[in-house]
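A short worksheet on the structure shown next.
The values are calculated or read from the model by the stated rules, or taken from the named source; none is laboratory data. What you are looking at is a predicted structure, and each value in this text was computed from that prediction instead of being measured. A quick note on method: Cβ atoms are made from the backbone with ideal geometry, for glycine too, and the neighbour counts reach across all protein chains shown.
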Amino acid sequence: MKILAIVLAVILAYLALSQVTVHGPFFTLHNPEFIVFLAFALFLGIVLWFGVPRRIAGLLDQRAETIRGELAEARALREEAQALLNSFEHKRREMAEQAERIVVEARAEAERAAAQAREDAARAVQRRIASAEEQIAAAEAKAIREVKDRAVVAAVAAAQEVLATQMTPAQASRLVDESIATVGAKLH
């Protein structure tokens, strides 16, 4: 109120001093500037009487509080969005690390499988070689047996022929008797 009174006094003094020299006395109802001044002063008085500046200040304070609240909410939303972004970034990094681990494990597993396949193939080759060697050994043994059998047959045939040509019937009979006695002794 004091400030308004001082402002009105300064305005009034300025108008009074400026109008005296131009149109004559300022404080008369014949001076239109004075009437405008009175209307303005009356308007300011009514505005002040009804507390319009307080109401305007209250509305401005209320608006300022609303803006502060919206700013706080925006700040909170920004922080929440930043936290969410950080969370997603962390999850993305974890997923990339997990994918890298999976790739490394898959490569190691593939190398192990390849090594196992090489070992299995080498064992299969060894088994086939051993089987082939066994078959060769069996074939050799069979061939040796056949050769021995033929040799025995040939020897028996040769001995039979030699015995038939060189042995007399008395010698043959004596050999048969001795052979029967030998077999009988070995069997009992």
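So here's what we get for this one:
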quantity	calculated
The listed residue being of a type in the set (Ser, Thr, Tyr), surrounded by 10 or more Cβ atoms within 10 Å (Cβ to Cβ), out of contact with any helix residue (DSSP H, G or I) (no Cβ under 6 Å at 6 or more places or on another chain) and modelled with pLDDT under 95, out of 66, 28	28
Check on residue 143, within 30 Å of residue 43 (Cβ to Cβ), surrounded by 10 or more Cβ atoms within 10 Å (Cβ to Cβ) and aliphatic (A, V, I, L, M)	no
